[in-house]
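So the structure is just underneath, and the comments pick up after that.
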Amino acid sequence: MNDNSEKAIKASIFSIVGNASLAGIKFLAGYFGNSYALIADAIESSADVFSSIFVFFGLKYSARPADENHPYGHGKAEALITFLVVTFLIVSAIIIAKESITNIITPHHQPKPFTLLVLGGIILFKELSFQYVMRKSVETNSSSLKADAWHHRSDAITSLMAFIGISISLVMGPGWEAADDVAALFASAFILYNAYKILRPALGEIMDEQLYEDEIEEIREIASHVPGVMATEKCNVRKSGMNYYVDLHAIVDGSISVVEGHKISHDLKDAVQAEMPQVKDVLVHIEPTFVSVREYFRTNHIEDKRVEE
């Protein structure tokens, strides 16, 4: 298991422990404090516990090395786990919305003031949790950990909505008991929006969608400094777990030997992996040319925007 996998797994354990603790605190505070928004918040945190457990096992599985049946490793499991996390987010949002609507039309007591103190602490903790897990997701390039981070942010927003709703209820007095339920209803809509934002890149990863223009630009720049590489043509990048796999066409002088071309392809692969540690493998296809680079692109009807002669 590499360093990135270990970092990601530690972050997922942090999420499991944090979500489990907060779910209990929220439920007790909501029950004794007459806050249905806080109870709805506890329901979401309970779902977060299970989603974080899925992330943990998904990260463990995706960290397995390549084998005979999985020559590209097990990284795609990460995107699949992200789908599960998104499912939990959607289910949480639906439950919160349903409970909120029920409580809006059902008379109940005003929330108690101490619930604001509980919510203030929860908001602070969840935002700090988001920052920590998101930082780890960027460091490790983990899509499922990014989804888990957004779970923390969604929880912070839900708690903030509950804080606002309870404050309105307490300030405005009788007749405003449902303010925190309305706030929870708004929070459910925000959670659904975040679910889409998390799902979109994970779907692209599963479908090998070309979403990595910045990485492609960096690869072309690295290739331009490798001796023997005249230019680069096709460059496709796909993501699997925390790693990238690259298919790259390199244009070389057609008069060189096969041995020289072979050496250039290895030099190119080594250069890309040295500069971009997240690249697991580079498959280099050598394109020989006996003309200038600009002429090669012109005769093959390829836009000459990506290389300089």
- Hydrodynamic radius of the stretch 169-270 per Kirkwood, over alpha carbon pairs, in Å: 18.0 Å
- If the chain between Ile256 and Phe190 were fully extended at 0.36 nm per residue, the gain over the current Cα-Cα distance would be 17.8 nm
- Message: Below 8 Å, C-alpha to C-alpha, sequence gap of six or more: please give me the relative contact order for the stretch 1-82 in percent.
- Response: 30 percent
- On each of the three principal axes the extent of the alpha-carbon atoms of the stretch 38-81, given in whole Å and largest first, is 49, 13, 9
- Query: Which one of Val85, Met172, Phe50 is farthest out on the positive end of the charge dipole of the chain, using unit charges on Cβ (Lys, Arg +1; Asp, Glu -1) and the Cα centre as origin?
  - Reply: Met172
- Task: Would you calculate the separation in nanometres between label points at Ala20 and Val291, each defined as 7 Å from the Cα along the Cα-to-beta-carbon direction?
- Result: 6.7 nm
- Over the heavy atoms of Arg200, what accessible area does a 1.4 Å probe trace out, to the nearest 10 Å²? 90 Å²
- Sticking with the crude label model, points 7 Å out along Cα→Cβ, report the distance from Glu6 to His70 in nm, one decimal please. 2.1 nm
- Message: Leaving ligands and nucleic acids out of the surface, order Tyr61, Tyr31 by accessible area at 1.4 Å, largest first.
- Response: Tyr31, Tyr61
- Query: Per residue, how much accessible area does the stretch 78-139 have with a 1.4 Å probe, in Å²?
  - Reply: 52 Å²
- What number, rounded to the nearest 500 deg cm²/dmol, is the helix-based mean residue ellipticity at 222 nm of the chain, given -39500 (n - 2.57) per DSSP H run of at least four residues and division by all its residues? -23500 deg cm²/dmol
- Message: Pick from Asn69, Asn243, Asn103 the residue whose mean-square fluctuation is largest in a GNM of the chain, springs joining Cα atoms under 10 Å.
- Response: Asn69
- Message: If Rh is defined by the Kirkwood formula over all Cα pairs and Rg also comes from Cα, what ratio Rg/Rh do you get for the stretch 1-134?
- Response: 1.10
- Report the GluC sites (Glu not before Pro) located in the stretch 18-109 that are in a DSSP loop and have at most 15 other Cβ atoms inside 10 Å of their Cβ, or state none. Glu68
- Item | Entries of Lys60/Lys269; Lys10/Lys263; Lys76/Lys269 with Cα pairs more than 32 Å apart | Lys10/Lys263
- Full extension from Gln273 to Tyr31: what is 0.36 nm times the residue separation minus their Cα-Cα distance, to one decimal in nm? 81.7 nm
- Over what distance in Å are the Cα centres of the stretch 194-261 and the stretch 112-156 separated? 33 Å
- Query: Percent of alpha carbon pairs in the stretch 17-90 separated by more than 17 Å?
  - Reply: 55 percent
- Query: What's log10 of I(q)/I(0) for the stretch 213-300 at q = 0.14, 0.16, 0.17, 0.25 Å⁻¹, Debye sum over Cα points only, no solvent?
  - Reply: -0.46, -0.59, -0.66, -1.26
- Ordering Ile264, Ile286, Ile25 from largest to smallest accessible area (1.4 angstrom probe), what's the sequence? Ile25, Ile286, Ile264
- Task: Quick one: angle between helix 114-140 and the longest Cα principal axis of the chain, in degrees between 0 and 90, rounded to 10, please.
- Result: 10 degrees
- Item | Share, in percent, of DSSP beta bridges within the chain that are antiparallel, nearest 5 | 45 percent
- Item | Per-residue ³J(HN,Hα) for the stretch 242-250, Karplus 6.51 cos²θ - 1.76 cosθ + 1.60, θ = phi - 60°, Hz, x for Gly and Pro | 9, 10, 10, 10, 10, 10, 10, 9, 10
- Query: Which one is right for this structure if semi-axes √(5λ) of the Cα gyration tensor in Å is calculated from it: (1) 38, 21, 19; (2) 52, 19, 14; (3) 41, 20, 16?
  - Reply: (2)
- Note on the structure: Largest-first ranking of Asp214, Asp281, Asp270 by accessible area, probe 1.4 Å, whole protein assembly kept, is Asp214, Asp270, Asp281
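The values are calculated or read from the model by the stated rules, or taken from the named source; none is laboratory data. Since this is a predicted model, take the numbers as computed values, not measurements. FYI the Cβ positions are ideal-geometry reconstructions off the backbone, even for glycines, and counts take in every protein chain you see. In case anyone asks, the SASA skips ligands and DNA or RNA and just uses the protein heavy atoms, side chains included. Shrake-Rupley method; radii C 1.70, N 1.55, O 1.52, S 1.80 Å.
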